[in-house]
Amino acid sequence: MSQGKERDIAPGTPVLEIENLQTHFFTPAGAVRAVDGVSYTVRAGETLSVVGESGCGKSVTALSVLRLVTSPPGRIVGGSIRFEGRDLLTISEAEMEKIRGNDISMIFQEPMTSLNPLYKVGDQISEAIALHKGLTRRQARDHALDMLRRVSIPEPEQRAQAYPHQLSGGMRQRVMIAMALSCDPKVLIADEPTTALDVTIQAQILDLMRDLRESFGTAIVLITHDMGVVAENADRVVVMYAGRKVEEADVDDLFDNPGHPYTKGLLAAIPHLDEAARAEPGRNRLNEIKGMVPSLAKLPPGCSFAPRCGFATEQCLAAYPPLEQLRPRHWVACWHADRLMGGSS
């Protein structure tokens, strides 16, 4: 890892604070509440994982932090996003450009749509480094090549001269990761960073992110569907469903005693090799959460998860439950959370 920025924030200090964020998309079918009152904090030196099905608002929340939501049709209509105490929603675009890609970086989920097809990948990485670190073109290029080596791209001098379409999907993903890590960000938002990578490269990338966190106190927001990655890398977990946060807890507490039926469903869907080995032939099917995520333009009254929930009652169908702290550092939005957690409140 490179020398990195000087860190003047003590470990555990809040770096990124999202409060009551509301990001809507205005379409002919109506307003789509992609993010509907989401709040969470990530601290220096910790990894916060955000999980949930596709379409629950994880990536839109991340894009909102960097003010990259396409407008129209999208617009941040409420809330605040504070980075080191400054509200990113109130500063100028020029100030935001100094933060974006430098203090706050993002590994995007779709590298082919994020990389510029007209520029060589080495030049794209070097440009960001030269802009934010004030290095010469030669120094920036050397640093870019070093970052390509660190994400296990073979023959980096040759690959740096390639255009995005000349690389495989996994190779493009590694280029995006190299670009995001190149300026030693204070906050790294990683949106499915190991997609399209084989398990060996996945492990190397996650090790690289851990090194960044441990060496420089980087705060990491890890967006993923892989609960195994969550268990191995996260300190805390936020569970989102239909644009809202439904549960937040320390990672061990969440896995040991989930309080929301949706979280229980996600954990039950994890494959277990030991159980599969003991199962009778043809009977080792994975558990699944029945039904579909509701349309964010036409959410049902009451709890959004109620139509898919085996614990739902008339109360669930009538009113949305408040997010309450039922155990130390463990918040759940469910009318029956206390019972589901064994009466521990």
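Of note:
- Test: residue in segment 86-102 that is polar (S, T, N, Q) and buried (at least 19 other Cβ atoms within 10 Å of the Cβ): yes
- If you filter segment 147-184 down to residues that are under 23 Å from the mean Cα position of the chain (by Cα) and part of a loop (DSSP other than H, G, I, E, B), you find that the one that is surrounded by the most Cβ atoms within 10 Å (Cβ to Cβ) is Ser182.
- Residue check, Glu19 modelled with pLDDT of 95 or more and either more than 18 Å from His132 (Cβ to Cβ) or in contact with a Cys (Cβ under 8 Å, 6 or more places away or on another chain) (or both): yes
- Entry remark, segment 7-58: residues being over 23 Å from Ala234 (Cα atoms), touching an Asp or Glu at 6+ places or on another chain (Cβ under 7 Å) and among the charged types (D, E, K, R) number 0 in total.
- Pairs are defined by a Cβ separation below 8 Å, a sequence spacing of at least 6 or placement on different chains, a first member in segment 249-273 that is farther than 15 Å from Val332 by Cα and assigned to a loop (DSSP other than H, G, I, E, B), and a second member that is open to solvent by 50 Å² or more (accessible area, probe 1.4 Å) and among the aliphatic types (A, V, I, L, M); the pairs so defined are Ala269/Leu286; Pro271/Leu286.
- Members of segment 185-219 that are part of a loop (DSSP other than H, G, I, E, B), surrounded by fewer than 22 Cβ atoms within 10 Å (Cβ to Cβ) and in contact (Cβ under 8 Å) with a residue 60 or more places away in the chain: Glu192, Thr195
- Number of residues in segment 233-266 that are among the β-branched types (Val, Ile, Thr), touching a Ser or Thr at 6+ places or on another chain (Cβ under 6 Å) and farther than 20 Å from Ala34 by Cβ equals 1.
- Any hit, segment 92-106, residues being part of a strand (DSSP E or B), at pLDDT below 95 and among the small types (Gly, Ala, Ser): yes
- Among the residues of segment 64-85, those that are assigned to a strand (DSSP E or B), open to solvent by 60 Å² or more (accessible area, probe 1.4 Å) and free of Cβ contacts under 8 Å to residues at least 60 places away in the same chain comprise Arg75, Val77.
The values are calculated or read from the model by the stated rules, or taken from the named source; none is laboratory data. What you see is a predicted model; the values in this text were computed from it and never measured. All Cβ positions, even for glycine, are placed from backbone atoms using ideal geometry, and neighbour counts span all protein chains on display. These accessible areas exclude ligands, DNA and RNA; they are computed on the full protein's heavy atoms, side chains included. Shrake-Rupley method; radii C 1.70, N 1.55, O 1.52, S 1.80 Å.
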